[in-house]
1. Nearest 10 degrees is fine. How inclined is helix 101-118 to the longest principal axis of the chain, computing both from alpha carbons?
2. R0 = 25 Å: FRET efficiency of residue 16 with residue 132, Cβ-based, nearest 0.05?
3. Go ahead and estimate [θ] at 222 nm for the chain from helices alone: -39,500 (n - 2.57) per DSSP H run with n ≥ 4, summed, over the residue count, rounded to 500.
4. Express as a percent, rounded to the nearest 5, the fraction of DSSP beta bridges in the chain (both residues included) that run antiparallel.
5. Restricting to Cα pairs below 8 Å that are 6+ residues apart, what does the relative contact order work out to for segment 8-149? Please round to a whole percent.
6. Treating the angle as unsigned and between 0 and 90°, give the value, to the nearest 10°, between the Cα long axis of helix 55-70 and the longest Cα principal axis of the chain.
7. After finding the eigenvalues of the alpha carbon gyration tensor for the chain, what semi-axes result from the square roots of 5 times each, listed largest first in whole Å?
8. Provide the packing ranking of 22-32, 54-64, 73-83, i.e. peptides ordered by the mean count of other C-beta atoms within 10 Å per residue, highest first.
């Protein structure tokens, strides 16, 4: 399992090669890349992400372990960026390896849904209208709740 919090950009192919290593039992890799976007349409100039070192990594490990308990996962990787990011910059990468695509797809979606609600990151947006801290969206909370069954 690979969990990284970093300022530098990431390469999805490099992470997947690292996760695959010499394995020959992987039948599927589901990867998700999240980008910084101008959701409000008010000229987003920058998003700054902050986190609490140690606490954040532990939260990501807990989310990954929950996924491992629900699906047949061979390995997984989560990379989340911090610092100042511009629109269209990569912000998060989740890759899940499994023998079958259903496990990979579902676990990848589960991890992202929990990252959006349970991972301790704080986002501040700077736009032409000023700066503001981003609050949790109801749609993210609703997406996470579907996994409670």
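Read-outs: derived from the displayed coordinates by stated rules, not from any lab. For clarity, every value in this text was computed on a predicted model and none was experimentally measured. Note that each Cβ is placed from the backbone with ideal geometry, even for glycine, and that neighbours are counted across all protein chains shown.
1. 30 degrees
2. On the way: r = 35 Å, r/R0 = 1.41.
Efficiency computed from Cβ-Cβ geometry: 0.10.
3. Numbers: 4 runs with 51 residues, N = 149.
Using -39500 (n - 2.57) per qualifying helix, the result is -11000 deg cm²/dmol.
4. Details: 28 of 33 bridges.
Close to 85 percent.
5. Working: 245 pairs, mean separation 46.3, N = 142.
RCO, segment 8-149: 33 percent.
6. 40 degrees
7. Details: eigenvalues 154, 58, 36 Å².
Ellipsoid semi-axes (Å, largest first): 28, 17, 13.
8. On the way: 22-32: 13.3, 54-64: 16.9, 73-83: 21.0.
So the peptides 22-32, 54-64, 73-83, ranked by packing, come out 73-83, 54-64, 22-32.
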